[in-house]
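The values are calculated or read from the model by the stated rules, or taken from the named source; none is laboratory data. Everything quoted here is computed from the prediction, not taken from an experiment. Note: ideal-geometry Cβ built from the backbone for every residue, glycine included; neighbour counts use all protein chains shown. Areas reflect the complete protein model, heavy atoms only, side chains present, ligands, DNA and RNA absent. Shrake-Rupley method; radii C 1.70, N 1.55, O 1.52, S 1.80 Å.
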Amino acid sequence: MKKLTRTYYQQEDVVAIARDLIGKTIVTHIDGQRTSGIITETEAYRGHGDKACHAHLGRFTERTKIMYAPGGVAYVYLCYGIHHLFNIITNTENQADAVLIRAVEPVDGILTMLARRHKVKVDKSLTSGPGNFSKAFGIDKTHYGTDLTASTIWIEEKEEDLNNQASRTIDIVESERIGIDYAGEDKYLPWRFYLKSSIYVSVR
């Protein structure tokens, strides 16, 4: 497996990155526990010009300031006071682009995931939905700003995937993003992607 580099995260097109992340492996090493899974669902948010993005019109707050960092760090925030949502900052400094990880198909550390989610058996809800994924993988607000090229949270790619892009693309569905009715016409942008063959998807 090959860990994604800072150069990958700092590509300009956040929508292309959100699509390309489908099928890659996300790994966490938190509290001495390793968990990993295949990314099955993402959403792209394009900085200043996207009404659904937290940084729309250059909004800069204590919560959003990490969005203006160079790509390759984590933006984690609390949604509805309950769920931690994990985002990957992309592009170069001050662009404020981000990819939300919405669902993952579990691979390693499943017993750890079950314990964190207070579940006794594996089903799609274990890691489907951005809050469920973050909890299963041990991600919370303490990981705000985490360097995604280091050793706490990172994303890997199989070497053979580099030569199998065309076949993987066929299995990816694009749709409108979820839960952004406030975003006006931008809510219709087809910037959500999911893996058609996986049951680990929040909404089809």
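Which of the residues spanning region 158-204 are closer than 23 Å to residue 10 by Cα, among the acidic types (Asp, Glu) and at pLDDT 95 or above? Before you say what the answer is, go through the steps one by one.
We begin by selecting, within region 158-204, every residue closer than 23 Å to residue 10 by Cα; these are 158-166, 168-169, 172, 174, 177, 189-194.
Filter once more, keeping what is among the acidic types (Asp, Glu): 159-161, 174.
Passing the criteria: only 174.
None of 25, 40 is open to solvent by less than 60 Å² (accessible area, probe 1.4 Å), of a type in the set (Val, Ile, Thr) and closer than 17 Å to residue 85 by Cβ except 40. Residue pairs whose Cβ atoms lie under 8 Å apart, separated by 6 or more positions or on different chains, with the first residue in region 189-201 and closer than 17 Å to residue 24 by Cβ and in a loop (DSSP other than H, G, I, E, B) and the second modelled with pLDDT under 95 and open to solvent by 20 Å² or more (accessible area, probe 1.4 Å), are 196/171; 197/171. Go through the residues of region 164-181 one by one and say whether even a single one is open to solvent by 70 Å² or more (accessible area, probe 1.4 Å), part of a helix (DSSP H, G or I), out of contact with any Phe, Trp or Tyr (no Cβ under 7 Å at 6 or more places or on another chain) and under 17 Å from residue 79 (Cβ atoms). Yes, because at least one residue in region 164-181 is open to solvent by 70 Å² or more (accessible area, probe 1.4 Å), part of a helix (DSSP H, G or I), out of contact with any Phe, Trp or Tyr (no Cβ under 7 Å at 6 or more places or on another chain) and under 17 Å from residue 79 (Cβ atoms).
Residues that are under 13 Å from the mean Cα position of the chain (by Cα) and not hydroxyl-bearing (Ser, Thr, Tyr): which strands (runs of 3 or more DSSP E) entirely in region 1-119 hold 3 or more of them? Steps first, please.
On the way: elements: 25-30, 33-46, 74-79, 83-90, 97-108.
In region 1-119, the matching strands (runs of 3 or more DSSP E) lie at 33-46, 83-90, 97-108.
Looking only at region 120-147, count every residue that is in contact with a Pro (Cβ under 8 Å, 6 or more places away or on another chain) and surrounded by 20 or more Cβ atoms within 10 Å (Cβ to Cβ) and tell me the total. Steps first, answer last, please.
Of the residues in region 120-147, the ones in contact with a Pro (Cβ under 8 Å, 6 or more places away or on another chain) are 122, 126-127, 136.
If we keep only those that are surrounded by 20 or more Cβ atoms within 10 Å (Cβ to Cβ) as well, we get 126-127, 136.
The total comes to 3.
Of everything listed in (1) surrounded by 18 or more Cβ atoms within 10 Å (Cβ to Cβ); (2) farther than 21 Å from residue 187 by Cα; (3) in contact with a strand residue (DSSP E or B) (Cβ under 8 Å, 6 or more places away or on another chain), the single unmet condition for residue 67 is (2).
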